[in-house]
Amino acid sequence: MTTFDALRPGKPDSILALMAAFREDPRENKIDLGVGVYKDASGNTPVMRAVKAAERRIVEEQTTKVYTGLAGDPAFGEALSGLVLGGRAPRERLSMVATPGGTGAVRQGMELMRLARPDCTVWLSDPTWPNHPAIVDHVGLKRRSYRYFDADTGAVDFAGMMESLGEVVAGDAVVLHGCCHNPTGANLALDQWRAVAELIAERGAVAFVDIAYQGFGDGLDADAAGLRLLVDRVPEALIAVSCSKNFGIYRERTGLLIALSANAKVTQGALASLNRLNYSFPPDHGARVVQTILGDDALRADWAGELEEVRGSMLGLREQLARELRDRIGSDRFGFLAEHRGMFSLLGATPEQVETMRREHGVYMVGDSRMNIAGLNATTVPRLAEAIVAAGV
Ligand code: LMR
């Protein structure tokens, strides 16, 4: 037996496996509601206007491609943390490193937890993005789930959530989705954020916020309002930021990990050394694009305007789908689809119904019935509604 015979393929990620199955389906009228990628009405994922303009400027003006720093260009961290935190947390308590995408930030955050508190428990919402538990397991931390979603109402089960979190102890990390909860689309109201912040602070736990869809829910500031409230209250937090979706730069791998702590200098050193150990310097191109856009009034306004259009189109699709379903079943049972925010909604179909929709109608959603609303358009919404009703959801 050779050394590598011992290897086993990693457990397939449900989202990535679905991407592959969709590609292989020869049907022309198939509908992709799988991976969280924004698509316009013609099914394209366009490069945003401001991104193109920033890239042109970078090509023209960049004079070197020498290494940045281990934390990436500090100006990127300043600009992006400003967008997320809106100046709310005291700067002297913040540390930050650029990371390869939001996933990189989640991974570095979990590694930081392991360095600081190897015996901690990481609390994840039930359900959550499948890569959360996978990363927690991979770095070797313990994890538990807290109740989050009420499948009957399609809303947050807040009483259940607070009851589960009643068992959080000092040093644990509580992972929260900053906005546009993935996969459910159901989000905490501001007073609920306040209560969770209070609980985390009282317990001496670490708030770990994954914010990957700022601007896709209720707007750039509204989507960060809960997180801003939280950082006002808790002494320690980790914030994993992704630019993949709201800047549409998925493949550039652009993210930031922000830490809020009492001794920001020490935390900064630990974060920089984690970057060094894992990949030395974080990728720069996407970060430079983001920094260029955020630092230029005209580009920033154009980007925010285009993001608003994207948000508006997803809201329109949500409303259309809820209406089409109401017209077909004569009840408002799917009204929650219009209340949810962001790219995703959990439909509440069984795995068998999900399979039927895929087989009979070429509708691809994740097995837990997560739908990427941005994968729809005005023409496919009625077909989806038809498939949902025909599958008996
Ligand atoms: C998703 O949940 O579909 C996205 O976050 C993409 C991914 O990497 O899974």
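No lab work stands behind these numbers, since they all come straight from the coordinates. All figures in this text were calculated on a predicted structure; none of them were measured in a lab. Note that each Cβ is placed from the backbone with ideal geometry, even for glycine, and that neighbours are counted across all protein chains shown.
What are the GluC sites (Glu not before Pro) within segment 167-239 that DSSP puts in a loop, where the Cβ has at most 13 other Cβ atoms within 10 Å? It would help to have the intermediate numbers written out before the result.
Values: sites: 167, 198, 202, 236; in loops: 167, 236.
Answer by residue number: 167.
Filter the trypsin sites (Lys or Arg not before Pro) in segment 41-76 to those in DSSP coil with at most 16 other Cβ atoms within 10 Å of their Cβ, and list the result.
Numbers: sites: 49, 52, 56, 57, 65; in loops: 65.
Filter output for segment 41-76: 65.
Apply the Karplus parameterisation 6.51 cos²θ - 1.76 cosθ + 1.60, with θ equal to phi minus 60°, to every residue of segment 327-335 and state each ³J(HN,Hα) to the nearest whole Hz, in sequence, with x for glycine and proline.
Residue by residue, segment 327-335 yields 4, 7, 9, x, 9, 9, 4, 9, x Hz.
Length gain on complete extension for the stretch residue 24 to residue 323, per 0.36 nm per residue less the alpha carbon to alpha carbon distance?
Working: separation 299, 0.36 × 299 = 107.64 nm, distance 3.17 nm.
My answer for the length gained is 104.5 nm.
What is the calculated FRET efficiency for residue 67 to residue 2, with r their C-beta to C-beta distance and R₀ = 25 Å, to the nearest 0.05? Could the numbers behind the result be given before it?
Details: r = 37 Å, r/R0 = 1.48.
Step by step, r from the Cβ atoms, then E = 0.10.
In a Gaussian network model over the chain where Cα atoms closer than 10 Å are linked, find which of 340, 361, 181 has the largest mean-square fluctuation.
361
Can you pull out the GluC sites (Glu not before Pro) in segment 29-118 that DSSP calls coil and that have at most 13 other Cβ atoms within 10 Å?
none
Go ahead and estimate [θ] at 222 nm for the chain from helices alone: -39,500 (n - 2.57) per DSSP H run with n ≥ 4, summed, over the residue count, rounded to 500.
Numbers: 14 runs with 181 residues, N = 393.
Taking each H run of at least 4 residues, the total per residue is -14500 deg cm²/dmol.
Report the residue, chosen from 121, 99, 68, that carries the largest GNM mean-square fluctuation when the chain is represented by alpha-carbon nodes joined by springs under 10 Å.
With Cα springs under 10 Å in the chain, the top fluctuation among 121, 99, 68 is at 68.
Once the Cα atoms of helix 285-294 and of the chain are each reduced to a long axis, what angle between those two axes, in degrees from 0 to 90 to the nearest 10, is obtained?
For 285-294 against the chain, the angle is about 90 degrees.
Report the number of Lys pairs in the chain whose alpha-carbons are under 29 Å apart, with separation of 8 or more residues or on distinct chains.
Value for the chain: 13.
Label-point separation (nm) for residue 277 and residue 49, each offset 7 Å from Cα along Cα-to-Cβ?
For the pair residue 277/residue 49, the computed spacing is 4.6 nm.
Positive end of the charge dipole of segment 67-295 (Lys, Arg +1 and Asp, Glu -1 on Cβ, about the Cα centre): tell me which of 271, 166, 153 has its Cα farthest that way.
Of 271, 166, 153, it is 271.
So if I place +1 on the C-beta of Lys and Arg and -1 on the C-beta of Asp and Glu, and nothing else carries charge, what would the dipole magnitude of segment 67-295 be about its Cα centre? I want it in debye, nearest 20.
Values: 20 positive and 24 negative charges, 151 e Å.
Rounded to the nearest 20 debye, it is 720 debye.
Charges only on Cβ, +1 for Lys and Arg, -1 for Asp and Glu: so what's the dipole of segment 191-265 about the Cα centre, in debye to the nearest 20? If you can, show how the numbers build up before the last one.
Details: 8 positive and 10 negative charges, 64 e Å.
I would put it at about 300 debye.
Go through 17, 106, 38 and say which Cα lies farthest out towards the positive end of the charge dipole of segment 1-115; charges sit on Cβ, +1 for Lys and Arg, -1 for Asp and Glu.
My answer, from the dipole projection, is 106.
If you place +1 on the Cβ of every Lys and Arg, -1 on the Cβ of every Asp and Glu, and leave all else neutral, what size is the dipole of the chain about its Cα centre, to the nearest 20 Debye? Provide the component values of the computation, followed by the final result.
Working: 43 positive and 50 negative charges, 152 e Å.
So the magnitude is around 740 debye.
Given a Förster radius of 35 Å and the C-beta distance between residue 198 and residue 339 as r, what FRET efficiency does 1/(1 + (r/R0)^6) yield to the nearest 0.05?
Numbers: r = 25 Å, r/R0 = 0.72.
With R0 = 35 Å, the Cβ-Cβ based efficiency is 0.90.
Quick check: from the Cα gyration tensor, does segment 115-174 come out rounded (a/c under 1.5), prolate or oblate?
oblate
Quick one: Karplus J couplings for segment 182-192, per residue in order, coefficients 6.51, -1.76, 1.60, θ = phi - 60°, nearest Hz, x for Gly and Pro?
10, x, 7, x, 9, 10, 6, 7, 4, 5, 6
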